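The values are calculated or read from the model by the stated rules, or taken from the named source; none is laboratory data. Not measured: the values here are computed from a predicted model. For neighbour counting, all protein chains shown are included, and Cβ atoms are generated from backbone atoms with ideal geometry for every residue, glycine included. Quick note on the areas: whole protein, heavy atoms, side chains included, nothing else; ligands and nucleic acids left out. Shrake-Rupley method; radii C 1.70, N 1.55, O 1.52, S 1.80 Å.
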Amino acid sequence: MRYAETGYNLEVDLSRGNVERVETDSDLAELYLGGLGTNAKILWERVPADVDPFSPENLLIFGTGLLCGTPAPSANRTIITSYSPQTKLMAFSMMGGFWAPELKYAGYDKLIIKGKSPKLVYLWIKDDKVEIRDASHLKGKGAVETSEIILKELDEPKAQVAAIGMAGENRVFFASIEQGRSSASRGGLGAVMGSKGLKAVVVRGSKDVNIANPEETIKLCSDVFDYIEYRERHPIKGVPPILAGIGSPQEMAVHDEQWHTTNFAWGNARVRRKDFWTPEVEKKWTFSMESVRERFVSCYNCPMKCGATINIPDLNPYMMKCYSKLTYTMASFTDLDAGLRMAQRGTEYGVDAFSAPQVMAFALELYEDGILTDKDFPGMPEDSEGRFNWLLDRIVRREGIGDILADGTYWAAQRIGKGAEKYAHNNIKKHEQLPLKLGMLNPIYFLMYCTGEKINITQIEGNFPQAPFPKREQREEFVKDWPQVPDEKFKKYFLDWEPRGENSIPHYPTIEATCEIVDWQERMHYIDDSTGMCSGLSAFPLKPPYHMHNLPKLISAITGFELDEEGLVKIARRNRTLVRAVNIRRGMRRGDEKPPEDHWKRRFPELEEKLLDAYYEFKGWNKEGIPKKETLEELSLDYVIEDFLQRGILADSEDEST
Amino acid sequence: MTAKKKTKIIKTIKVDVDLCNGCRTCELICSAFHAVPRYSSNNPERSRIRVIRDPLRGVFIPVYAGQYTPAECTGRDKYIIDGKEYDECAFCRASCPSRGLFKEPDSGLPLKCDMCESDPSLAEPMCVQWCLPDALTYEEREVEVEDEAENEQEDVEIGLESLADKYGWQKILDTVARMSKKD
Ligand code: SF4
Ligand code: SF4
Ligand code: SF4
């Protein structure tokens, strides 16, 4: 019997209309867990390195995390993997909600889509019954609207729907896949889905998921719940409210937006408004949020309530989470009311709420500076909200200037020319980032920004505080109750970290400590993305319920295989290295690994080079960031060595790169 | 039947719909608790509590499985509360032929909440223990009641009745006859 896993993948070839249930190798979970790990392996094996993201040959993989559908609290992530049209690298965006557990209950660990349907279709999976159904009546429909129509026509209110909107259909490079209160937004996976002619995937399951050691599992899960309750009663002192609790950032509940609105940049990631947050604004925004927030919503098997249904008069209701609350508002210099209205439109169209507002702010900046002109914006309204709506309407249809902007700021700038490149200033690896512009280089964030392959800082950072606490007593207080550290030394790094003076950024934490801190934070995310755990209870917040000490026990109890901390560290390294290998094979090198140039005012080129050298070395990569032969050997990734040698990416004798 | 009075403990689960976040943890743990061996698997479809979820309309209602009924009601109810319209029969707890709710997915046998009856008994039913948002809370109170037929007997009868509805009495009798011969 298979535990945690169902042992089957569902393979769908949309070109041939073929559906197959394929048994998987039971050894894979012990090597890669599941989710991201096994997704990466499939992508590596089955999609050649030179395949275009929109080619029928490209795969779109919906992988459930290993622990999804088990009693493990908050294990509900679907990890969607493909090649990204925007970065051209591997995209692996996750969505919470209810979809992954439902797929497990239907009897599958993954849904693997290949080919391209000649006409728009949707997929209906009900346990063993799988149908490819016509979706021509859904063409151009919003993502939320689509889900509603499908649930009605199938008369299956309990089914879970992942759908694209018009943006995905028209291959907008930052199109999302929307699913109830969640979405897989980053990397343009919605566009890949659209390129396959797939409007939605609908799942309903009624099978069992098995557990190897039932009593032990339930006990460990109860401990997690106890700790969640403890943390709810003990918010962390000395940090902004948004960082004090657990779960995804509690944007739907928290009204105090001083931190975001005064620290993050407005417009095209340019303008800091340090005095923006006033009692009047707070009062107005609190009222705005409370009058449209219908209800808080959780994901499957999670006691938190990170999402909310937003119901604005005269608009269809939608669900929202996290920082998407503010992205439209801040990019357009409007207010929360306008931002929530624009987000409704963005959700129906199915666009990434990080990239889309920034792309539009970028366009308007080019217009102000005369690089784009009136003839690019015929009939555009005068007001900010009107302009954003006008632009978004054109982007998702790829009409006029919208066609250029639909490729995201990097590619749009290339096409526009005339110096537009300078305006696409907030990207990493061609992908729009959080609008953060800061003073002094932070070595930890420097490495995370450079080397992160999720290409999104919130998906790399987490368990180590973002900034030093001002007073030693505060730091002592913080480390007193910090069982999550994988090693006691991290407490010392934090205790000695000062806001000013010798032990402050950029030279403290030391290069060595920085490498270790970054490695720990990143490792937690790679584990989550393979188990399907919500990072909101694991890799993302300070002092989460899940950590290096209880995760191996839980995975062991549920799956029945032996796993200790060392073993889990190794799996995480293997998965992390395999993702890198996929990207190296697609051409990524050291030169691509840099933060947005203006992310910090004060940069230290020499130190930065040293940091990157040290981190590559720490990870077992060579100077170009390519995993070394011995690293790959140690991780049983011999098939990667073989490929790298063949391509000349690695040389037989030493780790020479091309 | 005797009409003797005796005291009985009424077990109540109070459902505060406003606190429910629609997470379905209660479904998961109920099905795990009733798996054999206990917790060895889970499948919300086997749960004796089901959350009616329509998040876009802000609707989350946990409903407990009540009695099995062989025939559907002749009339239907539809509620509107606070301007929200709920599905037909939304609040009904019956395992009823008109819908798939509260039936074992493979056999179609009716499911009924048994308050996690077990030996030793639990401090609180599992769904209550695992509902951290406190939408479900447990209460016990004593009442005087007329002596009832044994619950177990009642369960057997309900199970049989539903089997008979599905397969006909003759088939049940034949099967029982065949099975008892094997022993
Ligand atoms: S913590 Fe929030 S985002 Fe994470 S699973 Fe729970 S409800 Fe979803
Ligand atoms: S566990 Fe509680 S909050 Fe979650 S769905 Fe059930 S009743 Fe609602
Ligand atoms: S009380 Fe027990 S049997 Fe009844 S619904 Fe809750 S967990 Fe299930």
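Some observations on this one:
- Where the Cα pairs of region B:5-145 fall when distances are cut into 10 Å bins, in %: 11, 38, 36, 14, 1
- For A:R233, the shell of other residues with beta-carbons less than 14 Å away shows a net charge of -2, using +1 for Lys and Arg and -1 for Asp and Glu.
- Across all directions, the shadow cast by the convex hull of region A:368-487 built on its C-alpha atoms averages 11.3 square nanometres.
- Kyte-Doolittle mean at least 0.5, axial Cα span of 24 Å or more - DSSP H helices of chain A: none
- Normalised per residue, the volume of the convex hull around the Cα set of region A:302-429 (Å³): 119 Å³
- The label-point distance for A:S136 and A:E156, in a model that sets each label 7 Å from Cα toward Cβ, rounds to 2.3 nm.
- Pairwise label distance in nanometres, A:R21 with B:S107, each label 7 Å out on the Cα-Cβ vector: 2.2 nm
- When you filter the trypsin sites (Lys or Arg not before Pro) in region A:456-511 for DSSP loop state and at most 11 other Cβ atoms inside 10 Å of their Cβ, you are left with A:R500.
- Within region A:516-567, the ratio Rg/Rh, alpha carbon atoms throughout and Rh by Kirkwood, equals 0.95.
- Delta accessible area of at least 50 Å² on complex formation, residues of region B:15-35, 1.4 Å probe, chain isolated as reference: B:N21, B:C23, B:R24, B:L28
- 10 Å Cβ neighbours from other chains, averaged over peptide A:207-218: 5
- DSSP loop GluC sites (Glu not before Pro) with at most 15 other Cβ within 10 Å: longest gap in chain B: B:1-71
- Top positive-direction residue, dipole computed over the protein assembly as shown with Cβ charges, set A:P241, A:F494, A:M90: A:M90
- DSSP beta bridge pairing in region A:8-204, given as percent antiparallel to the nearest 5: 75 percent
- Between the C-alpha center of region A:241-274 and that of region A:408-456 there is a gap of 20 Å.
- Shape category assigned to region A:135-275 from the gyration tensor of Cα positions, a/c cut at 1.5: oblate
- Nearest-0.05 FRET efficiency for A:D369 and B:I80, computed from C-beta distance (R0 51 Å): 0.40
- Positive-end extreme of charge dipole, region A:546-592 - chosen from A:I571, A:M588, A:A557 (charges on Cβ): A:M588
- Expressed in units of 2.2 N^0.38 Å, where N is the residue count, the Cα radius of gyration of the protein assembly as shown is 0.97.
- Accessible surface of chain A, 1.4 Å probe: 49 percent of it comes from carbon and sulfur atoms.
- Our summary gives chain A a relative contact order of 15 percent, counting only alpha carbon pairs under 8 angstrom and 6 or more residues apart.
- Total charge dipole magnitude, chain A, about the Cα centre, Cβ charges on Lys, Arg, Asp, Glu only, Debye to nearest 20: 1140 debye
- Residue range of chain A that is longest and free of GluC sites (Glu not before Pro) which are both DSSP loop and sparsely packed (at most 12 other C-beta within 10 Å): A:1-381
- Based on DSSP H segments of at least four residues, each scored -39500 (n - 2.57), chain A has a per-residue ellipticity at 222 nm of -12000 deg cm²/dmol.
- Classified by the C-alpha gyration tensor, region B:78-183 has an oblate form. Its axis ratio a/c, with a ≥ b ≥ c, is 1.5 or above, and a/b does not exceed b/c.
- Relative pair counts by distance (%), Cα atoms of region A:202-271, 5 Å bins: 3, 12, 13, 13, 12, 12, 11, 10, 8, 5, 2
- Residues of type lysines that B:K166 reaches as a straight line, Cα spacing below 17 Å, ignoring anything fewer than 8 places off in the same chain: B:K103
- Extreme residue, positive dipole direction of region A:8-204, given options A:G35, A:S55, A:Y108 (C-beta unit charges): A:S55
- Exceedance of the 23 Å cut-off in Cα-Cα distance is limited, within the set A:K489/A:K619; A:K321/A:K471; A:K594/A:K628; A:K305/A:K325; A:K305/A:K570; A:K283/A:K321, to A:K321/A:K471; A:K305/A:K570.
- Calculated P(r) tail over 19 Å for region A:296-359, as whole % of Cα pairs: 31 percent
- Residues of region B:55-93 whose accessible area (probe 1.4 Å, heavy atoms of protein chains only) drops by at least 30 Å² once all protein chains are present, relative to their chain alone: B:P55, B:L56, B:R57, B:G58, B:F60.
- Cα centroid separation - region A:164-224 against region A:594-631, whole Å: 33 Å
- For the pair B and A, total buried accessible area rounded to nearest 100 Å², probe 1.4 Å: 3100 Å²
- Based on alpha carbons, the Rg and Dmax found for region A:166-233 are 19.1, 50 Å.
- Whole-angstrom Cα spans of region A:8-204 along principal axes, big to small: 44, 39, 29
- By accessible area, using a 1.4 Å probe on protein heavy atoms only, chain B has 51% of its surface on carbon and sulfur.
- Around the Cα centre of chain B, unit charges on the Cβ atoms of Lys, Arg, Asp and Glu (plus for the first two, minus for the last two) sum to a dipole of about 480 debye.
- Accessible area per residue for the protein assembly as shown is 40 Å², calculated with a 1.4 Å probe on protein heavy atoms, without ligands, DNA or RNA.
- Computed Kirkwood radius, in angstrom, where 1/r is averaged over Cα pairs of region A:461-539: 13.3 Å
- Complex-versus-alone comparison for region A:307-323, residues with a loss of 40 Å² or more in accessible area, probe 1.4 Å: A:M319
- Scalar couplings 3J(HN,Hα) for region B:123-131, obtained by applying the Karplus form with A = 6.51, B = -1.76, C = 1.60 to θ = phi - 60°, are 4, 9, x, 4, 4, 5, 4, 8, 8 Hz; x denotes Gly and Pro.
- Lys, Arg +1 and Asp, Glu -1 on Cβ, resulting dipole of region A:240-416 about Cα centre, debye, nearest 20: 480 debye
- Partner aspartates and glutamates whose Cα lies under 13 Å from the Cα of A:K139, excluding those fewer than 8 positions away in the same chain, are identified as A:E169, A:E348.
- Three-way shape call for region A:259-318 based on the alpha-carbon gyration tensor, with the a/c threshold at 1.5: prolate
- Once you reduce region A:347-366 and region A:461-524 to the center of their Cα atoms, the two points are 35 Å from each other.
- Three semi-axes describe the equivalent ellipsoid of region A:1-95; taken as square roots of 5 times the Cα gyration tensor eigenvalues and ordered largest first, they are 24, 16, 12 Å.
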